[in-house]
1. Under 8 Å for C-alpha pairs, at least 6 residues apart: give me the relative contact order for segment A:169-250, rounded to a whole percent.
2. When chain A is treated as a GNM, springs tying every alpha-carbon pair under 10 Å, which of A:Arg17, A:Arg91, A:Arg55 comes out with the largest mean-square fluctuation?
3. Relative to the longest principal Cα axis of chain A, at what angle does helix A:56-86 sit, 0 to 90 degrees, rounded to 10?
4. Between beta-carbons, use under 14 Å as the cut-off and find the net charge around B:Ala215, counting Lys and Arg +1, Asp and Glu -1.
5. Listing B:Met75, A:Met30, B:Met94, B:Met113 from the residue with the fewest other Cβ atoms within 10 Å to the one with the most, what is the order?
6. In nm, give the distance between the simple-model label positions of B:Ala57 and B:Arg25, each being 7 Å from the Cα along the Cα-to-Cβ direction.
7. Which distance in Å, rounded to a whole number, links the C-alpha centroids of segment A:31-92 and segment B:151-184?
8. Report the local net charge at A:Leu116: Lys and Arg +1, Asp and Glu -1, summed over other residues whose C-beta lies under 15 Å from its C-beta.
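Bear in mind that the values in this text are calculations on the coordinates, not laboratory data. Not measured: the values here are computed from a predicted model. All Cβ positions, even for glycine, are placed from backbone atoms using ideal geometry, and neighbour counts span all protein chains on display.
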Amino acid sequence: MSTITETGLLAGRNLRRFAKSPQLVADAVMFPLILLFLMLLVFGELVGAATHGGRYIDRLAPVIVLFSAAYGAVGTGVGFFTDLRSGIVDRFRSMNISRLSVLAGRIVGDLVRAVLVAAVTTAVAHLAGFRFTGGPLAVLGFFAVVALFAWIFLWLAVVVAMAASSEQAVSGALNTPVTLLLFLSSGFVPVEQFPGWLQPVVRANPLSLAGDALVGLSGGGPVLLPVLFTGAWAVAATVILVPLAVRLYK
Amino acid sequence: MTTGTEAGLGNLFGQGLLLAGRNIRLNSTADTISTMVVFPVIFVFGFLALFGNLLEARGIVYAQFLPPAIVVQWMFSVAITAAFCFASDRRNGMLARYRSLAISRGAVVVGRMAADSVRALLAIAVIIATGYVAGFRFQAGLPAALGFVALSVGFALTVSAGTSALGLVSRDPEAVSATLHVVYLPLLMISSAFVPADAFPGWIEPFVRHQPVTAVLDALRALAGGGPTAGPVLTAVAWLAGLLAVFSAAAVQAFRRAT
């Protein structure tokens, strides 16, 4: 079997395991949606007033999509950790398949999952007034940016899973940076609302950059620069995390 | 401690504290530090950075407004941990094991409540200390500050009675804590926790104003910031007393049936 077929098969296994667990699905889909509606309810009027009539949902839906991609990586880390400890990865290693297929299958399967969850989230956000106004190409670009963003966190998750000593350590080590990035992003409030000294951090945050790209690709606004910066983050993550993951895996 | 007996107040508390120690040690130190220290600090500063300026524009000093909300959030988290622990104790047979031992049954409850109180106090200490760095102050004197702590712990134990009832009915700790997260998040967010009630859309404002979490938050803010305290504190205590009566009845029922 070629590495690509093996990767596809193993990605399918991970996706099926996800789809068969109501708890994982609820956690991945329901939690971001609840957060979306709650944020809209609690902060919609305040932020709407501060941005002079800008619609909060246009900004909020993209950030929730990105949050669920980053938050989903916590599940990736825990899932991969469980696979490593339960012996299934050792079993795969004893089989006549490429060693890297196991790692690639995990990443590809969870990338597909992240895009599917993003599709569900945007569909529900549609009910709250979120719209794609840029045509089919912009929609494709939107989901491509989601995948690019998820790529960063998935590799982080597998590295953490291989380095950690317990399941709690995996989710702790991933939850903390994800929560920090969410708070310090321009997703919930415009960057000008942050204290001056924090604004550079907020601007450089991949969640802010990818969020700007998604806002541009759905409701309109600058696209090129935010997409390039998100791409730069993805390249940096690839250069640092992928070799690290492969080395730890071997 | 006398062994071989079940009754007596001495046993209830002696054994209860022993079980509390066990309950506290169940969570690893790293986990406790991350959930009870690192995360509250992130939340205080995170919300301040996010919404501080927006609310200052409305004349609210957010550094004074926010810490009680984070305290209430962590009291919920203590209660959800309690449910998680009861459900896993039931699943792995620990509750049944307690029954076969010659220890007071009430000690299991006392052990849970004492462990919850310790975790609640730790969270309150961390959040208030973080709040002080950000500009939060107890402005109404020591008795009011102690009242703040007592009301917070009382809230944690009340909610904990309710969540424990759920935890004792279930054998699936992960499902219980996932369910409780879905319940608590709306209760907390659709209250005056993060923004004042008048910042909500008009149709939901009556709910925001009259739900118990808002009552507790109003009382905590009055105890911290001064001003008239008797009214809000009485309302909050009345809510907690009512809820405690219902929740503890449910918890006792669930505890009797749990095997």
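1. Working: 51 pairs, mean separation 15.9, N = 82.
Relative contact order here is 19 percent.
2. Taking springs between Cα atoms under 10 Å, the residue moving most is A:Arg91.
3. For A:56-86 against chain A, the angle is about 20 degrees.
4. It works out to a net charge of +1.
5. On the way: B:Met75 29, A:Met30 13, B:Met94 16, B:Met113 20.
Sorted ascending by nearby Cβ count, the order is A:Met30, B:Met94, B:Met113, B:Met75.
6. So the label points at B:Ala57 and B:Arg25 sit 5.4 nm apart.
7. The distance from the Cα centre of segment A:31-92 to that of segment B:151-184 comes to 24 Å.
8. Numbers: positive: A:Arg16, A:Arg17, A:Lys20, A:Arg113; negative: A:Asp27, A:Asp110.
Overall, the nearby charge balance is +2.
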